[in-house]
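Please read the structure below before turning to the comments.
The values are calculated or read from the model by the stated rules, or taken from the named source; none is laboratory data. As the structure is a prediction and not an experimental result, all values here were calculated from the model. Heads up, the Cβs are rebuilt from the backbone with ideal geometry, glycines too, and the neighbour counts pull from every protein chain shown.
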Amino acid sequence: MPKKKTDVLTGIASIPCAIPDRYLMTALQATAGANLTWLRDKIVEYDDPIVSAGHVSRDEGTIFDAFDKIIPMVPAGANGVIYTPWLYGERAPVDDPNLRAAFLNISLDTTRSDLLRAVFEGVALNTRWLAKAVDRFLGAPVQSMVITGGAARSDSWCQIFADVLGVEIRRDANPVTVNARGAGWIGAVGAGLIAFDDIPALTRNDHVFTPGPDHDRYLEIYDIYQDLHKRLAPVYRRLNRQTA
């Protein structure tokens, strides 16, 4: 961004960055990938067949690879189950330490695969909630995003993000090492080896995920998701006001 700016209501701010006369906008969810770690460590039993995927060689895959194979088998909307990923409260677009995670609309027909997809979708729905505030902060809608970090290794999650957000999702070719590369490029600029204008040509994407037919379904679910926050926030405040 061209200037320093803070929105105290949504917890979004632009802070000084390495590029001269520019500021880096930050909008942080309290937990995103941590929801998958919680699912792995606290919900899936140690002797569960799914967990065995986490005890094989890297070439054969991990538990997250197993998750990624299950997700496409469940339709968008997780057969009616909605998950709110507020395991540790929330930072933005609301600053509320009392919020908590929840599975809603579970029935006797609900399967573990439904719950798994609901977690992936819940984080994406929360990102859409945050993106709405980001668009207002920037003064223009974001049309394309680059996804990085561990979540980017999941094809299923990348597609869910594209479908929920309704924007193009570009995956960095080496998503887990972006921080190290970025620091290296900043150092190279400081050493006079390259200029900031050279950096876009050095980036690589290995896949672009575009919104598919599930986008319309997620528009309906997102409206419900926002309504859930309005209705549940007072309940969580009563439940957690002495422990937050």
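Laid out as a table, the results:
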| read-out | value |
| --- | --- |
| Neighbours by Cβ (under 6 Å, 6+ apart or cross-chain): first from the stretch 91-113, in contact (Cβ under 8 Å) with a residue 40 or more places away in the chain; second charged (D, E, K, R) and crowded, with 16+ Cβ neighbours inside 10 Å | Asp96/Glu90; Leu99/Glu90 |
| Cβ-Cβ under 8 Å pairs, at least 6 apart or on other chains, the stretch 217-231 side surrounded by fewer than 18 Cβ atoms within 10 Å (Cβ to Cβ), far side among the hydrophobic types (A, V, I, L, M, F, W, C) | Arg217/Ala76; Ile224/Ile82; Gln226/Trp129; Leu228/Ile82; Leu228/Leu104 |
| Residue in the stretch 196-203 that is in contact with a helix residue (DSSP H, G or I) (Cβ under 9 Å, 6 or more places away or on another chain) and within 30 Å of Ala66 (Cα to Cα) present | yes |
| The listed residue being touching a Leu at 6+ places or on another chain (Cβ under 6 Å) and not in a loop (DSSP other than H, G, I, E, B), out of Tyr218, Tyr225 | Tyr225 |
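One line per residue, one yes/no per condition, for (1) over 23 Å from Pro141 (Cα atoms); (2) modelled with pLDDT of 90 or more; (3) surrounded by 13 or more Cβ atoms within 10 Å (Cβ to Cβ):
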| position | (1), (2), (3) |
| --- | --- |
| Lys3 | no, yes, no |
| Ala13 | no, yes, yes |
| Ala18 | yes, yes, yes |
| Asp21 | no, yes, no |
| Ala27 | no, yes, yes |
| Arg40 | yes, no, yes |
| Val51 | yes, no, yes |
| Asp65 | yes, no, yes |
| Ile71 | yes, yes, yes |
